[in-house]
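Read the structure below first, then the notes.
The values are calculated or read from the model by the stated rules, or taken from the named source; none is laboratory data. Note that this is a predicted model, so its numbers are computed, not measured. Ideal geometry is used to build each Cβ from the backbone, glycine not excepted, and the neighbour counts take in all protein chains shown. Quick note on the areas: whole protein, heavy atoms, side chains included, nothing else; ligands and nucleic acids left out. Shrake-Rupley method; radii C 1.70, N 1.55, O 1.52, S 1.80 Å.
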Amino acid sequence: MKHVESYYAATANAHAPWPTLEESIQCDVCIIGAGFTGLSAALYLTEAGYDVVVLEAARVGFGASGRNGGQVVNSYSRDVDVIEQRYGKESARMLGSMMFEGAEIIRDRIDRYAIACDYRPGGIFAALNPRQMNHLRHQQRLWEKYGNQDLELLDERGIRREVATDRYVGGLLDRRGGHLHPLNLALGEAEAIRRHGGRIYERSAATAVKYGAPNRVSTAQGEVSATFVIFAGNAYLPLQLEPRLGRKSMACGSQIVTSEPLSRDQALALLPNNHCVEDCNYLLDYFRLTADNRLLYGGGVVYGAREPQDIDALIRPKLLRTFPQLRDIAFSYRWSGNFLLTLSRLPQFGRLEHNVYFMQGDSGHGVTCTHLAGKLICEALRGDAERFDAFAKLPHLPFPGGRRFKVPLTAMGAAWYALRDRLGV
């Protein structure tokens, strides 16, 4: 199975394929899924001396990790003030202390292992109305309280210096954010795992897990016996493999296009400082420049992860509302990818058995949260579970409506928030 046809797959760094599992093997830790969650966990664990096996149903980075917008966005899909209101000051203190760590981990991985993934610093949250601008002022104060002093509030003139559009009334520049080529980051991390003796098997989907001491994970042609098992498949984990993980989450789709290459002058006229941008709408748009001066633009959510028939028809109107000067722009690539949404919009970490763990549901903040997750699971397996448990103890409720109605009910709720965004209230 190949990577989905996308700009990322077309510009992936050369890499050696990984074998398919065709035998029975043993290891300390078996990780199911070779996206950012599984790769981050495997790299931390192999660095710590664990014998690690990663099973991937398709290819390294096949899912959301190799298809996303490539934006390194700090914090979580619900900010630390919401966490304090819902779960108390101690939860806010613990999660707040980690809210910028995922991005730092990514930069460290890039530097330590010389991963060529086109990293560029700087990300902008763009406000479309005064209400959103007030929210960004609050966000700046909140993030500075938790240690991020690399923030700049942009007024209307400031945002227009950064983005060639009159759509926004202001924004917040986070210099600790940034953007990159996510598939090349995943491939580079996989090579680092190989360097530390970790084993990755592609086209080796887990078909059954028998819990015990050891746990046994079956594939079509092989089996892994492992002291620990970590589920890291997120939206691409088959529901039948572990039904408990699907009851409080929902796969959602997002769509992305990339333009034909622009001239350097054209590209920098759109985004003069080459920062990535996401707006503050509930159903947000996000965009950035690629290393070869294409405009990459994504947005919208398809609840239930249905594959849209016409991605251009979904994205082009959004792009032209932001950049009407690009009415004749041509698209070279378009694709969809799924991410896993939780009702709380906070990630779900936990234990299914005393030696079986899961990490999922980053709800749109997966690039950074997944890298943090890998560090926390390594800490937990080494005997210090305090930070892992700060996430694991958060309560998670099922979506209303059960399996049949959770998609339409969630879509109705999103439509209400989208209406509020359009009205600016």
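In table form, for the structure just shown:
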quantity	calculated
Subset tally (residues that are open to solvent by 60 Å² or more (accessible area, probe 1.4 Å) and out of contact with any Asp or Glu (no Cβ under 7 Å at 6 or more places or on another chain)) for region 218-228	1
When residues of region 377-387 are limited to those that are within 17 Å of HIS354 (Cβ to Cβ) and of a type in the set (A, V, I, L, M, F, W, C), the one surrounded by the fewest Cβ atoms within 10 Å (Cβ to Cβ)	ALA385
Residues of region 229-282 satisfying the condition of being in a strand (DSSP E or B), open to solvent by 20 Å² or more (accessible area, probe 1.4 Å) and in contact with a helix residue (DSSP H, G or I) (Cβ under 7 Å, 6 or more places away or on another chain)	ALA251
Subset of region 115-155 that is on the phi > 0 side of the Ramachandran plot and in contact (Cβ under 8 Å) with a residue 60 or more places away in the chain - its residue that is surrounded by the most Cβ atoms within 10 Å (Cβ to Cβ)	GLY122
Residues that are within 15 Å of VAL53 (Cα to Cα) and aliphatic (A, V, I, L, M), drawn from region 2-23	LEU21
Any hit, region 29-48, residues being at pLDDT 95 or above, open to solvent by less than 20 Å² (accessible area, probe 1.4 Å) and in contact with a Cys (Cβ under 7 Å, 6 or more places away or on another chain)	yes
TYR286 assigned to a loop (DSSP other than H, G, I, E, B) and within 19 Å of TYR76 (Cα to Cα)	no
Verdict on ASP166 being touching a helix residue (DSSP H, G or I) at 6+ places or on another chain (Cβ under 8 Å) and surrounded by fewer than 19 Cβ atoms within 10 Å (Cβ to Cβ)	yes
Pair list, Cβ < 6 Å and 6+ apart or interchain, from region 1-14 residues that are outside any loop (DSSP other than H, G, I, E, B) to residues that are open to solvent by 40 Å² or more (accessible area, probe 1.4 Å) and among the aromatic types (Phe, Trp, Tyr)	TYR7/TYR333
Selection count where residues are open to solvent by 30 Å² or more (accessible area, probe 1.4 Å), in a strand (DSSP E or B) and closer than 15 Å to GLU56 by Cβ, scope region 179-217	1
Within region 306-322, tally of residues that are in contact (Cβ under 8 Å) with a residue 12 or more places away in the chain, loosely packed, with under 15 Cβ neighbours inside 10 Å and touching a Lys or Arg at 6+ places or on another chain (Cβ under 7 Å)	2
When residues of region 323-342 are limited to those that are of a type in the set (A, V, I, L, M) and in a strand (DSSP E or B), the one surrounded by the fewest Cβ atoms within 10 Å (Cβ to Cβ)	LEU341
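Here's the yes/no breakdown for (1) among the β-branched types (Val, Ile, Thr); (2) in contact (Cβ under 8 Å) with a residue 60 or more places away in the chain; (3) touching a Ser or Thr at 6+ places or on another chain (Cβ under 9 Å):
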{"site": "VAL52", "(1), (2), (3)": "yes, yes, yes"}
{"site": "GLU56", "(1), (2), (3)": "no, yes, yes"}
{"site": "GLY63", "(1), (2), (3)": "no, yes, no"}
{"site": "ASP81", "(1), (2), (3)": "no, yes, no"}
{"site": "GLU84", "(1), (2), (3)": "no, no, yes"}
{"site": "GLU101", "(1), (2), (3)": "no, yes, yes"}
{"site": "ILE105", "(1), (2), (3)": "yes, yes, yes"}
